[in-house]
Structures are given as structure tokens and as C-alpha cells.
1. If you go through segment 63-77 one residue at a time, do you hit one that is under 25 Å from Cys132 (Cβ atoms) and without any contact (Cβ under 8 Å) to a residue 12 or more places away in the chain?
2. Can we say Gln95 is polar (S, T, N, Q) and modelled with pLDDT under 95?
3. Please work out if Val122 is modelled with pLDDT of 95 or more and within 11 Å of the chain's Cα centre (by Cα).
4. Just give me the residues in segment 11-62 being under 16 Å from Gly102 (Cβ atoms), among the polar types (S, T, N, Q) and in contact (Cβ under 8 Å) with a residue 40 or more places away in the chain, in sequence order.
5. Say whether the condition of being loosely packed, with under 12 Cβ neighbours inside 10 Å, of a type in the set (A, V, I, L, M) and in the same structural domain as Ala145 (by TED's automatic domain parsing) is met by at least one residue in segment 114-121.
Amino acid sequence: MTRMTVNGNPVKYELAPDTPLLWALRDASNLTGTKYGCGAGLCGACTVWVDGAAVRSCQVTIGELEGAFVTTIEGLSDDRSHPVQRAWLELQVPQCGFCQSGMIMAAAALLKSNPRPSRADVRAAITNLCRCGTYPRIEAAVLRAAELSAGRTA
């Protein structure tokens, strides 16, 4: 049995300790916003926060996370008001949308650690894959989210 906090709620998983966090979230907690992409930690579709850091949830087991605080896309904001979510909508970032929850979580983690990133910072920090190639819109949305976070609306 593994205990952790997921999106602010205490959770007790009665799953094998070697269960990837991704599957505990999706199957046991029904938090399906976190996507399965490659299963090898390469694509980033499964990105969540563990203790505030962006983590590929397919690569960490629940046994490693006893007492951890996990935030998924569902826990980022109740009403899509997080600056990254607002910028994503404003700049119409998604094409197919599959990678977006992982991208948003990675972008939000970047802005938490670096509130004023440069374009180079965004490119270096967000290594998630977008099969549709929306990278220019993703980059613009991260920079726009930084402006929104700083209170700049125009």
C-alpha cells in the first residue's frame, strides 16, 4: 500500500509498489488527463508534478513516491485559469491535443522555477514531443503565460 497526496487529496493505492504512477493515476484514480504516449519517458505526454517538479509518470513507480505530492493536469486549476492554460487557449496551441496536458504541466513547472524564460530557456526546458509540430505555438504560449503571470495582459 502506498500513500501520497494527489491534487490536494490524500490517496492510498493498494497496488503493487512497482506500478508506474501513470497507471495508478489513470486506472485507480480515474485521472485520465495524463496520457500514455511511449512508455519509455521519451515523449512527455505523461508529465505530472511530483513535489513540484515535472516528472514523466511512466518512469516512476508508486513505491518510490510514498508521501509525495502529485499534481496532474486536473489539479493545475479547477477552472482552467492557470496562466499556462489561459495562454494555450488564447493562442490556440493544440492541434490534435494528445500531448497538451504533458506540455502544459512541463510549461507550468518551467514558469514556476523561471518566471521570465527566454525562448532558449523554453526550448531547453520543454523536451516533450508534439507529433503535430506545434512547437512555435507552444513556445509563444509559454512566453505569453509568463506575461500573464506577471500581470501583463497586452
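1. Yes, segment 63-77 has at least one match.
2. yes
3. On the way: modelled with pLDDT of 95 or more: yes; within 11 Å of the chain's Cα centre (by Cα): no.
Considered against the rule, which asks whether it is modelled with pLDDT of 95 or more and within 11 Å of the chain's Cα centre (by Cα), Val122 comes out as no.
4. Of everything in segment 11-62, those that are under 16 Å from Gly102 (Cβ atoms), among the polar types (S, T, N, Q) and in contact (Cβ under 8 Å) with a residue 40 or more places away in the chain turn out to be Thr34, Thr47.
5. yes
The values are calculated or read from the model by the stated rules, or taken from the named source; none is laboratory data. As the structure is a prediction and not an experimental result, all values here were calculated from the model. Positions of Cβ are generated from backbone atoms using ideal geometry, with glycine treated the same way; all protein chains shown enter the neighbour counts.
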